[in-house]
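Quick notes on the structure that follows.
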Amino acid sequence: MRLPVLALTLAAGLALQAHAQQPVVAEAPLRAHLSFLADDLFEGRGTGQRGGDLAVRYLETQAAVIGLKPLADGGYRQSVKMEGSRLLPGSFTRFSADSGKILTPANGSEIVFGSFGGKEDVTVDAPLVFVGYGAVAPEENWDDYKGIDMKGKLLVMMVNDPQPTAEEPNRFAGKAYTYYGRWLYKFEEAVRQGAAGVLLIHTTPSASYAWSVPATSFAHERFHLAGSGNPIEGWLQEETARTLFAAGGFDLDKLRADAERRDFRPVDLKVKLHAEVKSKIRQIEQFNVAGIVPGTDAKLKAEAVVYSAHWDHLGIDDAAKGDHIWNGAIDNASGVAALLAMAQEAVRHPAKRTQVFLWPAAEETGLLGSAAYVKNPAWPLDKTSADLNLDSMNFVGKTRDIGVAGSERSSLYAAAGVVAKKMGLTLAPAIPDLSGAYFRADHFNFARAGIPAFNVGSAVFSGDGYFDFVKDQEKSRARLVAFKQDYHQPSDEYHADWDLSGMVQQAQFTLNLGYEVANAPKMQTWKAGDAFGKIKR
């Protein structure tokens, strides 16, 4: 009788040991990191501000405490050199139409602008040219510039992409956003065209967010990687743009309709801009923070999976009335805290491939930290299997599903399905990317570099509330949707009564997916025909 009993005892012991070896993300460290990073003491973790320096110091300290291995230079920091620009009082824009009409839109409510060419005093005198969507997309046989010289001109353009038609329902990904629709692309293209600057026409449907988002952004110091940017960049309220077009004798709606055609050509709006822009310019150095868990397989440890979550938010604004700290609890102290809790488990349970935990800087100012990382990666890009990004996590409660939008572009979707099944979850139904969510978080720079990547389940980017919550479905969805009012506002603060079970679940899924990728026989691949699959590492 002793042998069967001994066998059962050994089997039970092995089962317990196997269970103990599974990485389990705990709520306690996640909540502790979240509440601390979102505290007023961190002053909103602003780029170029003391709060940002504190966040970096905290992260590198925690990386060492957790046991993450440092980078090749022996530290956890990676330099990100950038240029900061803050608009000063006395700056103004004035538009003079050939008809004689003069317009001086109010900064903040009718127009927002700044200069990002590295000079403190900039005077711009330039004719306005409407360039439709401002897109040059060879794969779509689309060029809004038609080879016309744009040097010295101020470009006025729409946000979003050319819309689908009955004849071409899938052009520019149909109703979904492509990168050509993003403000970041449009500013980049204006630089390539040699323009004097660019003004984007804001509408809430086309931008997918209210006027308050660009207004808040331009009210703060804005940043570029050193050596980039336009002499003048900004946004126009739709009604301001309508008045401006009318002053030149044009109908905004008609020109927008004309711009939906491939044969559209740039239009001289018969209006000139005179802008005097005074800026406080400074050259600063910020830091990504990264730590490594070496792989265990003799061959596969040369390859890696990256987990990322940006540490920055909008910081502190002493000139603001009332609450002047943008704490960024959900966006993105949540992702930072989750990554710390995940790294703690990964150190205890290494995978076959190496795992890189990355906290990029300056996401809020244009994904600058992750852009700097892919230019100078801690791990070779051609040996990086995937990037799994966390940004603005679920603070409402547990769900029966998990958001994996963007994973369908690559083999990550199949891997996510395997992990979800093991966890008793379903993959949230795919919906058209109407807000350009795939291009709005740090994983996108990895995708541009050719690495399969996506943002794993987000409270902000899933703001229409399609999650299937376990408890109080209607109330839970309403809370998630209501967060839109707190997004990029001082009211994005930590609340001790938050149910973090959904956040822990999301972090656990991401870590499990990382292990699925890290232990897979082969590296992840793009779906055949995907635009980013053509990019060579």
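Derivation of every value follows stated rules applied to the coordinates shown; laboratory data play no part. Values in this document were obtained by computation on a predicted structure and should not be read as measured data. When we count neighbours, we look across all protein chains shown, and the Cβ atoms used for this are built from the backbone with ideal geometry, even at glycine.
Sort segment 162-234 into rounded, prolate or oblate with this rule: let a ≥ b ≥ c be the square roots of the eigenvalues of the Cα gyration tensor; rounded if a/c is under 1.5, and if a/c is not under 1.5, prolate when a/b is larger than b/c, oblate otherwise.
Values: a/c = 2.67, a/b = 1.55, b/c = 1.72.
Judged from the Cα gyration tensor, segment 162-234 comes out oblate (a/c at least 1.5, b/c at or above a/b).
Using the Karplus curve 6.51 cos²θ - 1.76 cosθ + 1.60 with θ = phi - 60°, work out ³J(HN,Hα) for each residue of segment 55-64 in order, rounded to whole Hz, and write x for Gly and Pro.
4, 4, 5, 5, 5, 5, 5, 5, 4, 5
Using the Karplus curve 6.51 cos²θ - 1.76 cosθ + 1.60 with θ = phi - 60°, work out ³J(HN,Hα) for each residue of segment 73-86 in order, rounded to whole Hz, and write x for Gly and Pro.
Per-residue couplings from phi come out as 7, x, x, 10, 9, 10, 5, 10, 8, 8, 10, x, 9, 10 Hz.
What dipole magnitude, in Debye to the nearest 20, does the chain give about its Cα centre under +1 on Lys/Arg Cβ and -1 on Asp/Glu Cβ? List each step's numbers first, then the result.
Numbers: 57 positive and 63 negative charges, 296 e Å.
It comes to approximately 1420 debye.
Loop-only trypsin sites (Lys or Arg not before Pro) in segment 139-244, please: DSSP not H, G, I, E or B, and at most 12 other Cβ atoms within 10 Å.
K146, K151
Tally Lys and Arg at +1 and Asp and Glu at -1 over the other residues with C-beta under 11 Å from the C-beta of L358: what net charge comes out?
Numbers: positive: none; negative: D387, D442.
Net of charged neighbours comes to -2.
Just want the ordering: H313, H324, from fewest to most Cβ atoms lying within 10 Å of their own Cβ.
The fewest-first ordering by Cβ neighbours comes to H324, H313.
So what is the calculated 222 nm ellipticity per residue for the chain, using -39500 (n - 2.57) for each DSSP H run with n of 4 or more, over all residues, to the nearest 500 deg cm²/dmol? Walk me through the intermediate numbers first.
Values: 14 runs with 154 residues, N = 537.
For the chain, the value works out to -8500 deg cm²/dmol.
Tell me the net charge near K270. Cut-off is 14 Å between Cβ atoms, K270 excluded, with +1 for each Lys or Arg and -1 for each Asp or Glu.
Charge balance near K270 sits at 0.
Excluding A372 itself, what net charge comes from residues whose Cβ is under 14 Å from its Cβ, given Lys and Arg +1 and Asp and Glu -1? Don't skip to the answer; put the middle values down first.
Working: positive: R77, K81, K375, R448; negative: E83, E285, D312, E363, D442.
Its environment carries a net charge of -1.
Along segment 420-427, what does the Karplus equation 6.51 cos²θ - 1.76 cosθ + 1.60 (θ = phi - 60°) give for ³J(HN,Hα), rounded to whole Hz, x for Gly and Pro?
Once θ is set to phi - 60°, the couplings for segment 420-427 become 4, 4, 5, 8, x, 10, 10, 7 Hz.
What does DSSP give for the chain in terms of the percent of beta bridges that are antiparallel, rounded to the nearest 5?
DSSP beta bridges in the chain are roughly 60 percent antiparallel.
Let me have the relative contact order for the chain, percent, based on Cα pairs under 8 Å that are six or more residues apart.
20
If every alpha-carbon in segment 85-281 counts as one equal scatterer, what log10 I(q)/I(0) does Debye give at q = 0.08, 0.10, 0.14 1/Å?
Debye curve over Cα of segment 85-281, log10 I(q)/I(0) at q = 0.08, 0.10, 0.14 Å⁻¹: -0.24, -0.38, -0.76.
Give me S392, S370, S435 sorted ascending by neighbouring Cβ count inside 10 Å, so fewest comes first. List each step's numbers first, then the result.
Numbers: S392 26, S370 30, S435 20.
In increasing order of surrounding Cβ atoms, one gets S435, S392, S370.
Can you sort Y179, Y76 from fewest to most other Cβ atoms within 10 Å of each residue's own Cβ?
Lowest to highest Cβ neighbour count: Y179, Y76.
Between D401 and residues 5 or more places away or on another chain, which pairs have amide H atoms under 5 Å apart, with H built 1.01 Å from N, and which residues are they?
Under 5 Å from the amide H of D401 lie the amide H atoms of T426, D468, each far enough along the sequence or on another chain.
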